[in-house]
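Down below is the structure, laid out as structure tokens.
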Amino acid sequence: MSIELIIGILNIVLISTTPLVFAGIGELVTEKSGVLNLGLEGLMLVGAVTGFITLVLTGNYFYSLFLSIISGVILSGIFAFLVLNLMTNQIATGLALTIFGIGLSAMLGKKFAGTPIDGLNPYYFIVISFLLVFLVGYFLSKTKSGLIVRAVGENHNSAYALGYNVIKTRYLTIIFGGVMSSLAGYYISICYAPMWQEGMTAGRGWIALALVVFATWKPWRLLVGAYIFGGVAIMQMNLQAIGVKLPGQFFNMMPYIATLIVLVFISSNKVRLKLSAPSCLNIPYEKNS
Amino acid sequence: MKKQSLVLVVIAAIVVIAGIFFITNQNIQKDVSDDQKKIGFIYIGPPGDHGWTYMHDVGRQYLEKELGDSVSTTYIENVPENADAVRSIRKLAESGHDLIFTTSFNYMDQTLEVASEFPDVKFEHATGFKRADNVSTYSARFYEGRTVIGHIAGKMTKTNTIGYIVSFPIPEVIRGINAFYLAASKVNPDVKIKIIWVYSWYDPGKEADAANTLINQGADIIVQHTDSYAPCQAAEKAGVLAFGQASNQEAFCPNAHMTAIEDIWGPYYAAKAQAVVDGTWSSEDTWQGFKDGMVEMSPYNEKLLSSDLIAEAKAIEEGIENGTIHSFEGPIYNQAGELVVKEGEVADDGMLASMMFYVQGIDGEVPQ
């Protein structure tokens, strides 16, 4: 293999993995505060379509990025209101958010599907994604606010007793997660495959969700996990194109085999798994209890 | 206070729901006139994919325009190729549709299953090969278009490497690869094709990844048998050439798009719907190509192709139309070197319909 070929492969891996890193790191912070948001796919699609429509209408990348972020703030804000104030079931609400996002994005984007646009250079986002993982890692382990987020996720009653505002903290982490998902969607429709088509995220929101567990709620592991996932997918394409004679099912299985191996590896140490999973994940918080 | 607001919310909800029912009921009443035939469509993707489903939807609109008030059409989009399809097809059958088009290969068994439950409803399954008394099959000879683009690709490639992105290993797709390769290797014996199976009809991200991988491995022409225009866009970005798929995609990749194979379903849909209106519908197998206008080539890109090459491509189109050229002319060998089509003969439709082998010269194996 020549150097150019390897650089080319790495390049494609970077481009295709970045949306997983964005959505995954956002969800990681949300889950660290004890809230499970299954609505990533919906948030990504709405972020993607909002950015795309704004770009078509205004031709301005800044506006489109801004509105895409706003869409994430609004949708995840609604999710936060439902699960935090009305204390609805997080899993059901998250699923509803996904279904809602799929429908809403399809409806909004109907007139705009198939409008040609000029894509944005993906490298800005790739650099930002690495910075983000580093910053989130630093935030969660080295800053006071980060420790508050974790305290809220570990035991919301104790955190409340210590004088921390559980609801406010969770609002902020949910909205952070929502914005990250919107950015992942924006990246997909503006940089990765510059177009809008219904359901174009094709399940990447779910992969990002799996990655958070896969990473045992640790930012750097999320980055590694995302790149294993993305790398295996691109590797199998390269093997196919080179003409390696392996059955098709094997190519299909490879990403899942990699996931399984890492999951087995991680869960072999039960203490560590327990230590990093937020204890209050998916448990509703009642202020007066 | 709290109770009062709760009561208000409940009343508001009831009013809204009643309103929705009122409006939808009105629509239903408007749609149902006595002798109007209802035609349903099952789509695998969204009509906005500007590929496969888009062309079926163009066909549906053509049907509506041609037949006017004697029919009304409905479609269900994004129907997955699994047990869900049964539910969607049954939904159309139950709601009084007279003719239902299921527009993807893997709806085959699901279509037959529902068809056996509704003997009075007519079904039309695209690209399949299983029929019943109330199930017809229809398909376009896309491979004729593959012969044209194969010829162009063989002449245009400089690296002698062509990247081919494919969805699922089904006869239609394999046939396309073979037709393409036979035509390309005929004008350029050194040509190699690299094939990537993405196991999806529609995932723009994955399709773009596959295109970039192929380009990275030296392909200077990208061919696809998937539904989005992401591969063509990726080719445009990388400065290599590509062919559109199912519809004219030149708007998305003007400097890469040489031509595209277009599926023209409208006239067929209109004819079959008319047959239902007239009561003359019967189960049959339709397989049409250039000759009947079910397959067409998009305008050749004059910026990229020389006028000589365009003339050659048009000559192939004409030859296929009047029968002097066939996409599968013998001698054709399979990968094991066995003669499958003898010299002076052409592959018959039976062989084409069940083609699950690569011809000699293609590297790799057909995934099982």
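The values are calculated or read from the model by the stated rules, or taken from the named source; none is laboratory data. Just so it is clear, the model here is predicted, and its values are computed rather than measured. FYI the Cβ positions are ideal-geometry reconstructions off the backbone, even for glycines, and counts take in every protein chain you see.
Taken together, A:LEU273, A:LEU281 contain a single residue that is within 30 Å of A:LEU82 (Cβ to Cβ), modelled with pLDDT of 75 or more and surrounded by 12 or more Cβ atoms within 10 Å (Cβ to Cβ), which is A:LEU281. Checked against the criterion of being free of Cβ contacts under 8 Å to residues at least 12 places away in the same chain and within 14 Å of chain B (Cβ to nearest Cβ), the candidates A:ALA161, A:ALA202 yield just one match: A:ALA202. Within the stretch B:200-221, the set of residues being within 21 Å of A:TRP196 (Cα to Cα) and touching a residue at least 12 places away in the same chain (Cβ under 8 Å) comprises B:SER200, B:TRP201, B:TYR202, B:ASP203, B:PRO204, B:GLY205, B:GLU207, B:ALA208, B:ALA210, B:ALA211, B:ASN212.
When A:LEU84, A:LEU120, A:LEU132, A:LEU140 are checked against the criterion of being in contact (Cβ under 8 Å) with a residue 60 or more places away in the chain, away from every other protein chain (no Cβ under 14 Å) and under 25 Å from A:ALA202 (Cα atoms), a single residue qualifies: A:LEU132. Residues in the stretch B:64-91 that are more than 14 Å from chain A (Cβ to nearest Cβ) and farther than 21 Å from B:PHE118 by Cβ were compared, and the one that is nearest to the chain's Cα centre (by Cα) is B:GLU64.
Taken over the stretch B:293-327, residues that are hydrophobic (A, V, I, L, M, F, W, C) and free of Cβ contacts under 8 Å to residues at least 24 places away in the same chain amount to 3.
Only one residue in B:ASP203, B:ASP220, B:ASP227 is out of contact with any helix residue (DSSP H, G or I) (no Cβ under 7 Å at 6 or more places or on another chain) and more than 7 Å from every other protein chain (Cβ to nearest Cβ). Which one?
B:ASP220
Would you say B:ALA83 is surrounded by fewer than 22 Cβ atoms within 10 Å (Cβ to Cβ) and either at pLDDT below 90 or more than 26 Å from A:LYS110 (Cβ to Cβ) (or both)?
Considered against the rule, which asks whether it is surrounded by fewer than 22 Cβ atoms within 10 Å (Cβ to Cβ) and either at pLDDT below 90 or more than 26 Å from A:LYS110 (Cβ to Cβ) (or both), B:ALA83 comes out as yes.
Looking at this structure, is B:GLY361 of a type outside the set (S, T, N, Q), more than 15 Å from B:ILE152 (Cβ to Cβ) and within 14 Å of another protein chain (Cβ to nearest Cβ)? Yes, satisfied. Taking the stretch A:153-245 as the region of interest, the helices (runs of 4 or more DSSP H) fully inside it that hold 2 or more residues being crowded, with 20+ Cβ neighbours inside 10 Å and of a type in the set (Ser, Thr, Tyr) are A:166-187. Within the stretch A:1-42, if we keep just the residues that are of a type in the set (S, T, N, Q) and over 16 Å from the mean Cα position of the chain (by Cα), the residue that is nearest to the other protein chains (Cβ to nearest Cβ) turns out to be A:ASN11.
The number of residues in the stretch B:336-368 that are within 15 Å of B:ALA179 (Cα to Cα) and either among the basic types (Lys, Arg) or part of a helix (DSSP H, G or I) (or both) comes to 4. For the stretch B:315-335, a residue qualifies if it is part of a helix (DSSP H, G or I) and not charged (D, E, K, R), and the qualifying residues are B:ALA315, B:ILE316, B:GLY319, B:ILE320, B:ASN322.
Just one residue in the set A:ALA184, A:ALA193 is at pLDDT below 95, touching a helix residue (DSSP H, G or I) at 6+ places or on another chain (Cβ under 8 Å) and within 14 Å of chain B (Cβ to nearest Cβ); that residue is A:ALA193.
Would you check if there is a residue in the stretch B:187-194 being facing another protein chain (nearest Cβ under 7 Å), touching a residue at least 12 places away in the same chain (Cβ under 8 Å) and part of a strand (DSSP E or B)? Yes - at least one qualifying residue is present in the stretch B:187-194. Taken together, the criteria exclude B:MET351 from residues that are away from chain A (no Cβ under 14 Å), surrounded by 17 or more Cβ atoms within 10 Å (Cβ to Cβ) and within 25 Å of the chain's Cα centre (by Cα). Remark: B:GLU172 matches the filter, which requires a residue to be crowded, with 20+ Cβ neighbours inside 10 Å, closer than 22 Å to B:TYR54 by Cα and in the same structural domain as B:ALA211 (by TED's automatic domain parsing).
Against the numbered list (1) out of contact with any Ser or Thr (no Cβ under 8 Å at 6 or more places or on another chain); (2) within 30 Å of A:MET253 (Cβ to Cβ); (3) small (Gly, Ala, Ser), A:ALA210 comes up short only at (1).
For the stretch B:65-77, indicate whether the set of residues that are buried (at least 18 other Cβ atoms within 10 Å of the Cβ) and part of a helix (DSSP H, G or I) is non-empty. Within the stretch B:65-77 (the criterion being buried (at least 18 other Cβ atoms within 10 Å of the Cβ) and part of a helix (DSSP H, G or I)), the answer is yes, since at least one residue qualifies.
Kindly indicate which of B:ALA184, B:ALA140, B:ALA208, B:ALA153 is surrounded by 22 or more Cβ atoms within 10 Å (Cβ to Cβ), within 9 Å of another protein chain (Cβ to nearest Cβ) and not acidic (Asp, Glu). Walk me through how you get there before you give the answer.
Details: B:ALA184 fails: within 9 Å of another protein chain (Cβ to nearest Cβ); B:ALA140 fails: within 9 Å of another protein chain (Cβ to nearest Cβ); B:ALA153 fails: within 9 Å of another protein chain (Cβ to nearest Cβ).
It is B:ALA208.
Taken over the stretch B:217-246, the residue count meeting the criterion of being β-branched (Val, Ile, Thr) and out of contact with any strand residue (DSSP E or B) (no Cβ under 9 Å at 6 or more places or on another chain) is 0.
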